[in-house]
Amino acid sequence: MQKCKSLLLCLLSGILISNLSAQTRTDNRLQQKIVHLVQQQQVKGTVGIYVKNLRTGKTAAYQADSIFPTASIVKVPILIGIMDKLEKGELAYNQELEYKDSLLYEGEDILGSFKNGEKITLGKVIMLMLTMSDNTASLWLQSLAGTGNSINQLMDSLGLANTRVNSRTVGREQNRKLFGWGQTTPREMTSLMEMIFRGEVVSKKASERMLRVLGRNFHDGNGISQVPPYVFVASKTGEVNQSRNETILVMAPSGPYVYTILTKNLEDQSWKASNEGWVLCRKLAALLWTYYEPHSKWKPE
């Protein structure tokens with residue numbers, strides 16, 4: 001009887017080890033395609049990519065642990081800071097907020113066109129931050145989340161050592177000079193999106209809410225444009241002069257996959273669709289869609 005128990009334990013251990021290795025093993029064929037794509041495009045700058053098939057656990061990486069500027073992708077950690085406050089009852093999704101002129105961040109933001117004293121619900125401010133990437137909304141939400149340091153502590157609790165808010169965060173002035181508003185790695189941002197998908201960030205309810213709001217990205221001309229419009233996509237994009245970034249979860253028919261592409265020190269700082277960084281984002285998205293859905297007949301117009 002004891003021998004049977006030992007045999008059973010051995011079998012179970014073997015299955016567990018097999019599952020763990022399946023969750024972390026590299027998809028060599030995809031990795032080769034990604035390396036070839038980056039080399040072929042010859043982007044003048046630094047590129048980092050991390051891809052994970054959430055059904056098989058297979059991954060592909062290219063400079064996935066290098067630190068990059070987030071640009072507006074930092075709004076995902078800010079969202080998590082707000083959801084943490086909602087979970088604790090310190091904020092309410094439909095509570096009414098009062099806009100103040102002191103909140104204005106100069107630019108083309110919708111919220112920045114509000115008059116002093118106008119009212120708006122918290123949920124709509126969240127929508128503006130994620131859907132329109134409104135910077136005035138984002139900085140307001142960062143302050144409502146507590147501090148940059150409190151958001152960074154949440155990132156630590158999720159095992160993300162390099163994902164940080166730098167702007168308006170005490171002690172991170174030097175990092176801000178190097179990376180701007182925020183910083184992350186392709187591997188960490190992909191992992192964060194995966195954790196949201198699996199309901200592991202703040203709570204299952206909070207994670208589901210985050211997926212919904214991340215599924216309403218107005219800026220859909222690059223990676224998202226290479227996925228059929230009838231497939232659910234949760235995403236955040238970010239760009240500044242020297243950087244073009246995307247983190248995208250695709251609920252593909254054959255199984256969900258998630259990836260992050262980050263760039264820095266780009267020589268091409270144009271704001272046209274032909275920008276080298278954006279071209280690479282589109283080509284990577286197209287490569288991944290056709291790789292995971294080889295029988296799909298859909299083609300982008």
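If you take just the helices (runs of 4 or more DSSP H) that sit entirely in region 127-228, which of them hold at least 3 residues that are within 22 Å of Gly277 (Cβ to Cβ)?
The helices (runs of 4 or more DSSP H) meeting that bar are 173-179, 186-197.
If you go through region 236-247, how many residues are surrounded by 18 or more Cβ atoms within 10 Å (Cβ to Cβ) and assigned to a loop (DSSP other than H, G, I, E, B)?
So the count comes out to 1.
Of everything in region 90-125 that's in contact with a helix residue (DSSP H, G or I) (Cβ under 6 Å, 6 or more places away or on another chain) and part of a helix (DSSP H, G or I), which residue is farthest from Phe218 (Cα to Cα)?
Looking at residues that are in contact with a helix residue (DSSP H, G or I) (Cβ under 6 Å, 6 or more places away or on another chain) and part of a helix (DSSP H, G or I), I get Leu103.
Checking the condition without any contact (Cβ under 8 Å) to a residue 24 or more places away in the chain, aliphatic (A, V, I, L, M) and surrounded by 18 or more Cβ atoms within 10 Å (Cβ to Cβ), which residue from Val233, Val258, Val250, Val227 passes?
Answer to the check: Val233.
For region 62-120, which positions are closer than 23 Å to Gly277 by Cβ and of a type in the set (Gly, Ala, Ser)?
Once the filter is applied, which keeps residues that are closer than 23 Å to Gly277 by Cβ and of a type in the set (Gly, Ala, Ser), region 62-120 yields Ala64, Ser66, Ala71, Ser72, Gly107.
I need the full set of residues from region 262-297 which are among the basic types (Lys, Arg), crowded, with 18+ Cβ neighbours inside 10 Å and either under 15 Å from Tyr50 (Cβ atoms) or in contact with a Phe, Trp or Tyr (Cβ under 9 Å, 6 or more places away or on another chain) (or both), in order please.
The answer is Lys264, and nothing else.
No value in this document is a laboratory result; all are computed from the given coordinates. Since we're looking at a predicted model, the values are computed, not measured. Methodologically, a virtual Cβ is constructed for each residue, glycine included, from the backbone with ideal geometry; neighbour enumeration extends over all protein chains shown.
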